[in-house]
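Encoded as structure tokens, the structure appears first; notes follow it.
No value in this document is a laboratory result; all are computed from the given coordinates. Computed from a prediction, not measured in an experiment: that's the story for all the values here. Cβ: placed from backbone, ideal geometry, glycine included. Neighbour counts: every protein chain shown.
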Amino acid sequence: MEIIGKIAQLLPLVTGQGKNGEWRKQEFIIEIADGQFPKKICFSLWGEKIDQAGLVVNETVKVFFDIESREYNARWYTEAKAWKVEKQGSVAPATTYTTSPQIPTEPSSSFNASPVEDDLPF
């Protein structure tokens with residue numbers, strides 16, 4: 001998936017040591033203009049992608065990302081992992097969302113959702 005927005009905040013760099021060596025994670029917040037009320041989304045970048053992105057507050061970027069959820073101690077945690085960040089210029093354009101086509105594996109049982117191309121998939 002991908003989204004375009006303005007970097008609103010860079011969170012502190014987090015580092016640690018794991019069984020595969022040292023790791024780094026940079027979280028950042030982008031703001032998207034979505035009608036009357038702007039929305040903010042937190043993304044994370046890992047490893048060398050932090051240096052490649054060159055993130056700067058107030059810069060407009062296109063973020064390519066995957067969403068992943070995992071369970072730990074009977075609670076679910078969701079993370080938006082950025083795998084590529086492209087600089088777009090200084091002025092944020094209209095909000096753009098795109099997703100790759102997906103083939104449904106089961107019919108939806110609890111609601112009938114029609115796909116909307118300009119909205120997040122949840």
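Overview of values
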{"quantity": "Among (1) surrounded by 15 or more Cβ atoms within 10 Å (Cβ to Cβ); (2) within 14 Å of A82 (Cα to Cα), the one test that G54 misses", "calculated": "(1)"}
{"quantity": "Residue in the stretch 40-48 that is farther than 17 Å from G5 by Cα and more than 14 Å from the chain's Cα centre (by Cα) present", "calculated": "yes"}
{"quantity": "Qualifying positions in the stretch 65-92 - surrounded by 14 or more Cβ atoms within 10 Å (Cβ to Cβ) and closer than 17 Å to K6 by Cβ", "calculated": "F65, A80, A82, V85, K87, Q88, A92"}
{"quantity": "Filter result for V14 (over 16 Å from the mean Cα position of the chain (by Cα), surrounded by 11 or more Cβ atoms within 10 Å (Cβ to Cβ) and among the β-branched types (V, I, T))", "calculated": "yes"}
{"quantity": "Which numbered condition E71 misses (of (1) assigned to a helix (DSSP H, G or I); (2) without any contact (Cβ under 8 Å) to a residue 24 or more places away in the chain; (3) not basic (K, R))", "calculated": "(1)"}
{"quantity": "Of all residues making up the stretch 1-19, the number that are farther than 19 Å from P38 by Cα and either without any contact (Cβ under 8 Å) to a residue 40 or more places away in the chain or part of a strand (DSSP E or B) (or both)", "calculated": "9"}
{"quantity": "Total residues in the stretch 37-63, condition among the β-branched types (V, I, T) and not in a strand (DSSP E or B)", "calculated": "3"}
{"quantity": "Residue count, the stretch 1-30 (criterion: touching a helix residue (DSSP H, G or I) at 6+ places or on another chain (Cβ under 8 Å) and more than 16 Å from W83 (Cα to Cα))", "calculated": "1"}
{"quantity": "A33 being within 21 Å of Q88 (Cβ to Cβ), among the small types (G, A, S) and touching a Phe, Trp or Tyr at 6+ places or on another chain (Cβ under 9 Å)", "calculated": "no"}
{"quantity": "Tally of residues being of a type outside the set (S, T, N, Q), closer than 20 Å to S69 by Cα and crowded, with 16+ Cβ neighbours inside 10 Å across the stretch 31-51", "calculated": "3"}
